[in-house]
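Below is one structure, written out as structure tokens; the observations come after it.
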Amino acid sequence: YRHATQSGVTQVAYQFDVPMVVTNVGGLAEIVADGKSGFVVPPDSNSIADAIAKSFSPEIISQLNEGVKQEK
């Protein structure tokens, strides 16, 4: 998102223990703990792509999944 205060997707992702990549706009950054339950990045394509690529690491995704469970 470039402009947002909330997204229903974040609640659905948490329900299924799925980490998220969100941009640091509106309230999205308040929901996701950066580096713990997902990644909070600036709203630009390079930052988003880098965070998505980083999340494909088996070690990182495992840590993020655990972080989501702890944040719920």
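How far is it, in nm, from the label point at PHE16 to the one at GLN63 when both lie 7 Å from their Cα along the line to the Cβ?
Here the answer is 2.4 nm between the modelled labels.
Quick one: net charge around GLN70, please, counting Lys, Arg +1 and Asp, Glu -1 for every other residue with C-beta under 11 Å from its C-beta.
Neighbour charge sum, excluding GLN70 itself: 0.
Full-extension gain between ASN24 and PHE56, please, as 0.36 nm times their residue separation minus the C-alpha to C-alpha distance.
Fully extending the segment from ASN24 to PHE56 adds 9.5 nm.
With label points built 7 Å along Cα→Cβ from the Cα atoms of VAL9 and LYS36, find their separation and express it in nm.
The modelled label-to-label distance comes out at 2.3 nm.
What is the sum of charges, Lys and Arg at +1 and Asp and Glu at -1, for the other residues whose Cβ falls under 12 Å from the Cβ of THR10?
Computed value for this residue: -1.
By how many nm would the segment from ILE48 to GLN70 lengthen if fully extended, with 0.36 nm per residue of separation less the alpha-carbon distance?
5.5 nm
We did not get these values from a lab; they are worked out from the coordinates using the rules stated. The shown structure was predicted, so the numbers you read here are calculated from the model rather than taken from an experiment. Please note: Cβ atoms are built from the backbone with ideal geometry, for glycine as well, and neighbour counts cover all protein chains shown.
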